Amino acid sequence: MAPGKSGWTKAWLKRLAALAGQTADQDQALWQFELSVELVQYEAAMNAVMDVEYELDQLAKEDERVKRLRTIPGVGPRLSEALVAV
């Protein structure tokens, strides 16, 4: 298994899904079921994050303070929004 963020690429997620769907003996069935449930939860969490980021992006388009902060090198959308919120 790939360590860190590289374990969550589309290729690795596809590989995990394949492992979860394999038919095997009864001893392996439980971990495969657990893996498939966790992959569904991961996908739901990532969809929720994307929804929140979309809404933040829409709000940021209208906020001049966020736009100005983003002109600073190294300051991205989430950092500029956090600074404005504070």
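Derivation of every value follows stated rules applied to the coordinates shown; laboratory data play no part. Just so you know, these numbers come straight off a predicted model, no measurement behind them. Cβ: placed from backbone, ideal geometry, glycine included. Neighbour counts: every protein chain shown.
Table for the structure above
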| quantity | calculated |
| --- | --- |
| Under 17 Å from the Cα of LYS14 - aspartates and glutamates, other chains or at least 8 residues apart | GLU34, GLU38, GLU43 |
| Value of relative contact order over the range 10-78, rounded to a whole percent, pairs C-alpha under 8 Å and six or more apart | 19 percent |
| Cut-off 15 Å between beta-carbons: net charge of the residues surrounding VAL66, Lys and Arg +1, Asp and Glu -1 | -1 |
| The range 3-83 - Rg over Rh from alpha carbon coordinates, Kirkwood radius | 1.22 |
